[in-house]
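Working notes for the structure below.
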Ligand code: PGA
């Protein structure tokens with residue numbers, strides 16, 4: 001059964017390297033205001049924002065909670081501690097109350113040497129530490145134009161599926177979701193068409209089913225990311241295989257993000 005009802009919906013914002021803690025606190029007050037009295041979301045809708053690491057402290061977490069938003073880290077290391085300058089560990093994040101991590105974002109892949117292998121290592125640790133994860137995949141424009149979209153997605157999925165296969169029998173399936181973010185749509189204002197998004201999501205679900213079975217494939221939330229806006233969110237979220245969105249630029253404006261949160 002491939003029914004949206006059997007899956008959680010995940011509405012996520014990725015602030016990238018924007019906002020200070022003070023700005024973040026003001027943002028959440030504003031977001032609560034725009035969400036209005038029905039601000040509390042339905043329990044099947046998970047709402048999370050990935051701010052820059054210095055906005056993950058207690059004060060910002062409390063402000064986010066007022067808007068029924070959880071916070072997550074934009075990256076995480078596979079080791080628990082050690083000589084890894086500039087990295088964050090799952091254990092450290094959990095100490096400060098952070099349960100969510102974003103892994104394999106295309107900007108990490110493009111600018112900071114993230115590979116399928118390093119993304120897989122991060123995921124493996126995050127799952128064993130019981131973190132909630134959004135794992136990102138997506139093809140570049142050159143890959144799409146060369147007709148390689150499915151090949152690239154399948155390659156990026158190998159590590160993800162392997163980690164899930166290893167983790168599943170021993171660990172409770174915490175919230176794990178996959179974000180399909182075509183690189184050519186990120187920050188460019190070019191959203192994938194609804195048929196491009198649905199086609200990629202259906203392909204991904206089929207690949208998951210091949211390795212992990214129909215039951216897992218039909219319960220794993222798949223998010224779309226890449227120039228999601230308050231105007232196009234609802235249409236994307238109505239697609240049969242789109243269970244959520246990962247929003248960059250448009251998540252920085254509380255009014256617009258409130259609209260996106262109300263689009264389910
Ligand atoms: P965008 O970014 O919405 O600004 O295109 C999406 C992302 O990078 O996750």
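Computed values, structure above
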quantity: Protection-proxy order for peptides 112-118, 137-143, 194-200, each taking the mean of Cβ atoms within 10 Å per residue, highest first; calculated: 137-143, 194-200, 112-118
quantity: Euclidean distance of C-alpha centroids, the range 221-264 and the range 63-114, integer Å; calculated: 22 Å
quantity: Value of relative contact order over the range 212-264, rounded to a whole percent, pairs C-alpha under 8 Å and six or more apart; calculated: 38 percent
quantity: Residue 210-residue 142 pseudo-label distance in nm [points 7 Å out on the Cα-to-Cβ vector]; calculated: 2.5 nm
quantity: Computed helical MRE - 222 nm, the chain, DSSP H runs ≥ 4 contributing -39500 (n - 2.57), nearest 500; calculated: -12500 deg cm²/dmol
quantity: Highest-MSF residue in the chain out of 30, 42, 243 [GNM, Cα springs under 10 Å]; calculated: 42
quantity: FRET efficiency for residue 199 and residue 81, using Cβ-Cβ distance with R0 set to 51 Å, rounded to 0.05; calculated: 0.75
quantity: Rg and Dmax [Cα atoms of the range 94-158; Å; Rg one decimal, Dmax integer]; calculated: 13.5, 45
quantity: Relative contact order %, the range 128-241, counting alpha carbon pairs below 8 Å whose residues are six or more apart; calculated: 32 percent
quantity: Relative contact order (percent, whole number), the chain, Cα cutoff 8 Å, 6+ residue spacing; calculated: 22 percent
quantity: Of 188, 85, 125, the one that fluctuates the most in a GNM where the chain has Cα springs shorter than 10 Å; calculated: 85
quantity: Relative pair counts by distance (%), Cα atoms of the chain, 5 Å bins; calculated: 1, 6, 14, 19, 21, 18, 13, 7, 2, 0
quantity: Equivalent ellipsoid semi-axes - Cα gyration tensor, the range 66-214, angstrom; calculated: 26, 18, 15
quantity: Inter-label distance for residue 162 and residue 190, nm, one decimal - labels placed 7 Å from Cα along Cα-to-Cβ; calculated: 3.2 nm
quantity: Peptides ranked, highest mean first, by Cβ atoms within 10 Å: ranges 222-230, 92-100, 75-83; calculated: 222-230, 92-100, 75-83
quantity: Where N is the number of residues in the range 34-121, Cα Rg divided by 2.2 N^0.38 Å; calculated: 1.23
quantity: Sites residue 96 and residue 45, calculated FRET efficiency, Cβ-Cβ separation with R0 35 Å, nearest 0.05; calculated: 0.90
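Bear in mind that the values in this text are calculations on the coordinates, not laboratory data. Values in this document were obtained by computation on a predicted structure and should not be read as measured data. All Cβ positions, even for glycine, are placed from backbone atoms using ideal geometry, and neighbour counts span all protein chains on display.
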